1. Spot the failing condition for THR342; the list is (1) part of a helix (DSSP H, G or I); (2) modelled with pLDDT of 95 or more; (3) surrounded by fewer than 16 Cβ atoms within 10 Å (Cβ to Cβ), and only one is missed.
2. ALA252 is checked against (1) aliphatic (A, V, I, L, M); (2) at pLDDT below 95; (3) part of a helix (DSSP H, G or I); (4) farther than 26 Å from ALA435 by Cα and fails just one. What number does that condition carry?
3. Mind listing just one residue for me: the one in segment 256-278 that is over 22 Å from THR438 (Cβ atoms) and part of a strand (DSSP E or B) and, of those, nearest to the chain's Cα centre (by Cα)?
4. Name the single residue that is surrounded by the most Cβ atoms within 10 Å (Cβ to Cβ) among those in segment 141-151 being of a type in the set (A, V, I, L, M) and free of Cβ contacts under 8 Å to residues at least 40 places away in the same chain.
5. Do we have ARG249 as closer than 18 Å to LYS362 by Cβ, touching a helix residue (DSSP H, G or I) at 6+ places or on another chain (Cβ under 8 Å) and free of Cβ contacts under 8 Å to residues at least 24 places away in the same chain here?
6. Being in a helix (DSSP H, G or I), modelled with pLDDT of 95 or more, within 20 Å of the chain's Cα centre (by Cα) and not small (Gly, Ala, Ser): is that true of LEU204 here?
7. Which residue is modelled with the lowest pLDDT, if the candidates are limited to segment 156-172 and must be surrounded by fewer than 18 Cβ atoms within 10 Å (Cβ to Cβ) and not small (Gly, Ala, Ser)?
8. Residue by residue through segment 358-389, note down the ones that are out of contact with any helix residue (DSSP H, G or I) (no Cβ under 6 Å at 6 or more places or on another chain), closer than 26 Å to ARG316 by Cβ and either crowded, with 21+ Cβ neighbours inside 10 Å or among the small types (Gly, Ala, Ser) (or both).
Amino acid sequence: PLPQSLRWGEGELCKPVLQAARLESADYEPQFATSAAIIPRSDFGFISAVRIKKEKHRLPTLDFSAVLRANLRRLPKAARPLDAKQLMNISIIGASGGVGREIAVQLVRDRVLEGRETLQLVGGDHSSAHPHLLHGFRADLLDACAEIAPNIEVVSDAAQITGDIVVLTAGRTFATSPETVDHASRDELAAGNLPIFEHYAQALAAQKRAVPPVVIIVTNPVELGVQVCTKYLPRDYVIGMGAHSDSLRFRAEIAADLGIRRQRVQGYVVGEHGMGLVPLWSSVRVSGFTAEQWQSALRETIKPVPAEEFSGAVLREMKNLVQLLHNDPHNGPARAYEHIATLSPDLRVAVKPLATHYTEAKTIVATAHATVDLVEWLLQGHSVEIAAQFQHDGENDLQGPFGARLIIAGKVEQLLPWDNYTAAEAALLHASHAAVQTKITQWNS
């Protein structure tokens, strides 16, 4: 049977056009396409065109893309695969911060939630200099998006969190002044954010829900957040978004060098969300490229750093970046971008976010976009392959939190094996994992 979205897509959109062309159902054959080109972040299928069967008709195809775009806003939301379940609510912990606010804006603007569902803005910093910021933010959101906004509420007590998906963005981050770049320490970040991870993980576990919420860790260190939350919640309900964000950057950098859209590139970055990231070149596929064309582009255009040299190259480029920013706080960021543009895509993925952070723009929009991706896929409940930080328990001979390729369908369903990784990628992964384990032990001591 056709998915619900195809049924109403055909009935509400395609049939009027078919009737206008005087075509009967026996005269055409539907051609299906995902709606990614029509609705961002959606993988529901729609009838996008039909192939005309009968020779008496002059047109070989009818394209419905424009019709779909013109009429989508007037149609009801496509039924979710989980439509037998209850409505789904989302809670954003730390919604008063830059990333938390941007996630809320994107969720509302992109109509991720239905009108009857709830977006919960969670505060809780009673020492804040702006204790009413979330109430003002809620009012501003409703003013801007009154026609499409879900129910939006503000809470300050962790016990009041009701989201089926909980996005954790609260906590400290690095200062953005270039003068402070050589003092930035993930150890200090971990020390400041560990109590926050503990507080909210314990509060969610204390609710003793029949079905626990899915927790998406955005706050850094992402690995520490995953490790702490899985002490209190089932590990298949906790993921860190860092590896997905890194994978999106990886695809974008490859696409930029090839002069194509990012949507045509598939590829993953796993490992640590930080200097221990591992680009999986073995996972890269480019739509429209044969295997021979891709290998040629890899040699002549992309020129990736060999896996066995990657860790050293990242460390070297990080030191170069720190020196540029520290020695010239005024022009350093611009000079840093000029230098980063000369690097290979895998190194740009590792280094560019740091440069962006120290422009004071941070990486707010990209981080929110990656998080909303995960939220929407979890809401839809389809099986989707992602890269994310996950608490390992012996899989691939690993223990503890580490970025990996996963299958999610409402929660984590499967951790994928390393069967197709190269020996050099596997070695790099083991080295990254050992470094993460050492840090986790230090941060918890």
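1. (1)
2. Unmet condition: (2).
3. TYR268
4. Only one residue tops the list, namely LEU141.
5. Judged against the criteria, ARG249 is not a match.
6. No, not satisfied.
7. Looking at residues that are surrounded by fewer than 18 Cβ atoms within 10 Å (Cβ to Cβ) and not small (Gly, Ala, Ser), I get ARG172.
8. Correct list: ALA361, ALA366.
The values are calculated or read from the model by the stated rules, or taken from the named source; none is laboratory data. On a predicted model such as this, the values are computed, not experimentally measured, just so you know. Heads up, the Cβs are rebuilt from the backbone with ideal geometry, glycines too, and the neighbour counts pull from every protein chain shown.
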